[in-house]
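Okay, here's the structure, questions in a sec.
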Amino acid sequence: MGDYSSSRSERKSGFMKWLNKLFRGGPNRGRGGRHLHEPAEESRVWGAPSRALDDRARAQKEKEDLGHAMALSSAEDLKRPNAHQGYNWGEDTGDDYSKAPRDTLNSSAHPPFAPTPFYPHEYRRICGGCNQEIMYGNCLGCMDTYFHPNCFRCHSCGYPITEREFSLSGKHPYHKSCFKELNHPKCEVCFQFIPINAAGLIEYRCHPFWSQKYCPSHEYDNTARCCSCERLEPLNIKYYRLEDGRSLCLECMESAIMDTGDCQPLYHSIRDYYEGMQMRIDQQIPMLLVEREALNEAIVGEKNGFHHLPETRGLCLSEEQTVTSIHRRPRIGGHRLIGMRTQPQKLTRKCEVTAILVLYGLPRLLTGAILAHELMHAWLRLNGYRNLNPEVEEGICQVLSYMWLESEVMPSFQNMPSTSTSAASSYSSSKKGAKSHVENKLGEFFKNQIANDSSPAYGGGFRAANEAVNRYGLRRTLDHIHWTGFFPV
């Protein structure tokens with residue numbers, strides 16, 4: 001009995017030890033542990049699994065936070081394209097708006113053909129050229145957007161821009177050479193880019209009417225200038241050379257009058273124009289076309305008169321002289337006019353006017369404007385207008401020249417001086433067929449030359465005379481000049 005009790009006690013003690021081990025280290029030790037009488041061990045038993053679970057949660061959370069921070073950092077980079085490590089250009093201070101890249105082509109964070117990290121849709125890189133997403137490889141950051149390297153192209157030639165510097169106009173990029181070709185002015189004589197002067201500025205000359213731009217050096221390097229329209233001879237066009245040394249462009253050559261016989265119809269049409277203005281000239285005044293040398297000699301032999309500088313192209317003679325006139329027009333030999341035949345002609349004085357001389361080789365409209373001017377001198381002398389000062393006499397003669405040009409060039413009588421409407425009857429007779437665009441443009445140029453002449457007698461006189469004619473009419477202005485010697489005010 002005693003042995004049985006002892007063995008039972010031992011079995012009970014062993015069972016309790018097994019149970020105690022079960023609660024301490026077994027897989028279900030967390031259950032019911034709060035009923036044990038060892039609070040320190042109870043705390044220790046619950047603490048171990050709690051710390052293990054917390055460590056796993058913290059590691060997972062840190063991994064998620066790191067991924068979120070990386071996504072936010074990439075998003076911030078996308079919001080600031082200029083800070084990206086791809087191509088970034090900064091603005092240069094040059095006048096041509098050129099831009100300089102800060103870096104050369106840089107690879108992205110991933111090797112070529114490697115899958116890119118995921119970005120939210122609003123932060124994905126869209127190429128500004130092809131509007132496709134930039135998935136991998138190099139990219140260029142410029143003008144607040146991104147480009148595939150092959151999509152960043154010149155707006156002019158269409159080829160990719162691969163240089164470190166480029167030019168920007170508005171939102172359009174250009175190769176520097178293409179931008180210069182489009183915007184840097186070229187000389188219209190030598191067709192080279194107009195050079196930059198010592199101050200770093202583009203300096204050129206420009207004709208006020210034709211807007212022909214050219215290098216300043218062409219004003220003193222013996223470049224030919226047309227004696228009629230004043231345009232310089234371009235490198236790719238050859239002007240005609242007259243025998244007296246003058247040059248004539250192709251457009252002026254088309255209607256140039258070369259000898260006295262060719263000029264007679266024009267001369268008589270202008271006399272008819274005067275008759276239509278109630279200013280008939282009864283005397284038969286000889287009219288001769290002459291070379292420059294003959295005209296200059298006639299000027300020297302004339303006692304009176306005021307002459308336009310630097311070159312006089314017409315003259316109303318009042319003295320008896322022998323003048324060499326052009327009897328037969330020259331022929332064209334290459335780009336020279338040769339074989340002209342002249343003959344001397346003795347002019348005798350039969351009235352206040354001996355003859356009218358005009359320089360040969362000028363276009364029809366310019367020749368007519370000179371004839372209209374000189375015929376007004378003749379009309380004034382034949383009608384007793386004597387001893388007028390140069391501003392009055394040359395000014396009113398320029399008004400008649402200007403009016404005749406208007407009748408030839410203008411399609412209607414609008415904007416003409418008020419007295420010129422009386423010439424309507426002679427308008428059709430003075431017109432010699434329809435004018436080409438080139439001839440009309442020349443007529444506008446000759447009118448512009450009269451209106452903007454800088455000389456006091458010819459330019460200032462014309463403006464004063466034209467104002468008087470527009471205000472009082474031609475007839476009343478002429479009467480006032482006859483009585484007082486001045487324009488009415």
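The values are calculated or read from the model by the stated rules, or taken from the named source; none is laboratory data. Treat the numbers as computed from the prediction; the structure is a model and nothing was measured. Here the Cβ is made from the backbone with ideal geometry for all residues, glycine too, and neighbour counts use every protein chain on show. These accessible areas exclude ligands, DNA and RNA; they are computed on the full protein's heavy atoms, side chains included. Shrake-Rupley method; radii C 1.70, N 1.55, O 1.52, S 1.80 Å.
Can you pull a Stokes-Einstein diffusion coefficient for the range 140-182 at 25 °C (0.890 mPa s), Rh from Kirkwood over Cα pairs, as a whole number of µm²/s?
It comes out at roughly 236 µm²/s.
Now for a different question. What list of ³J(HN,Hα) values in whole Hz, one per residue of the range 262-275 in order, does the Karplus curve 6.51 cos²θ - 1.76 cosθ + 1.60 (θ = phi - 60°) give from phi, with Gly and Pro shown as x?
Each residue of the range 262-275 in turn: 5, 8, 4, x, 5, 4, 6, 5, 6, 4, 5, 4, 4, 5 Hz.
Sticking with this one: With a sphere of radius 10 Å drawn around the Cβ of His335, what net charge do the other residues whose Cβ falls strictly inside it have (Lys, Arg +1; Asp, Glu -1)?
+3
Arranged from highest to lowest average of other beta-carbon atoms within 10 Å per residue, in what order do the peptides 438-446, 460-468 appear?
Per-residue mean Cβ counts within 10 Å order the peptides as 460-468, 438-446.
Please report, largest first and rounded to whole Å, the three semi-axes of the ellipsoid equivalent to the range 340-387, where each semi-axis is the square root of five times an eigenvalue of the C-alpha gyration tensor.
23, 17, 5
Residue-wise, which Karplus ³J(HN,Hα) couplings in Hz belong to the range 339-347, taking 6.51 cos²θ - 1.76 cosθ + 1.60, θ = phi - 60°, and x for glycine or proline?
Values per residue, Gly and Pro as x: x, 6, 10, 10, 8, x, 9, 7, 9 Hz.
How much net charge surrounds Ala224 when only other residues with a Cβ under 13 Å from its Cβ are counted (Lys, Arg +1; Asp, Glu -1)?
Every neighbour counted, the sum reads +2.
Under a 1.4 angstrom probe, counting protein chains only, how are Tyr220, Tyr274, Tyr204, Tyr472 ranked by accessible area, largest first?
So, going from the largest accessible area down, we get Tyr220, Tyr204, Tyr472, Tyr274.
Around Asp259, which amide H atoms from residues at least 5 apart in sequence, or from another chain, sit under 5 Å from its own amide H, with H modelled in the peptide plane?
Correct list: empty.
I would also like to ask the following. Each residue of the range 478-487 in order: what ³J(HN,Hα) in whole Hz does its phi give by Karplus 6.51 cos²θ - 1.76 cosθ + 1.60, θ = phi - 60°, with x for Gly and Pro?
Each residue's phi maps through the Karplus curve to give 5, 5, 5, 5, 4, 7, 10, x, 9, 6 Hz.
Using a probe radius of 1.4 Å on heavy atoms only, what accessible surface per residue do you get for the range 253-484? Whole Å² is fine.
It amounts to 45 Å² per residue over the range 253-484.
Heavy atoms of the protein only, probe of 1.4 Å, neighbouring chains included. What is the accessible area of Trp210 in Å², nearest 10?
50
Related question: Normalise the Debye intensity by I(0) for the range 367-408, one equal point scatterer per Cα, no solvent, then take log10 at q = 0.17 Å⁻¹ and round to two decimals.
After summing over all Cα pairs, the log10 values are -0.41.
Moving to a separate point now. Give me the distance between the Cα centres of the range 234-283 and the range 327-381, rounded to whole Å.
8
Ok, one more. From the Cα gyration tensor of the range 253-484, with a ≥ b ≥ c the square roots of its eigenvalues, which class applies: rounded if a/c is under 1.5, or else prolate if a/b is larger than b/c, or else oblate?
It is oblate, given that a/c is not under 1.5 and a/b is not larger than b/c.
Another question about this same structure. Contact order normalised by length for the range 140-182, with contacts defined as Cα pairs under 8 Å and 6 or more residues apart; what percent is it?
Worked out over the range 140-182, it gives 29 percent.
Shape of the range 151-254 from its Cα gyration tensor (a ≥ b ≥ c, root eigenvalues): rounded if a/c is under 1.5, otherwise prolate when a/b > b/c, or oblate?
It is prolate, given that a/c is not under 1.5 and a/b is the larger ratio.
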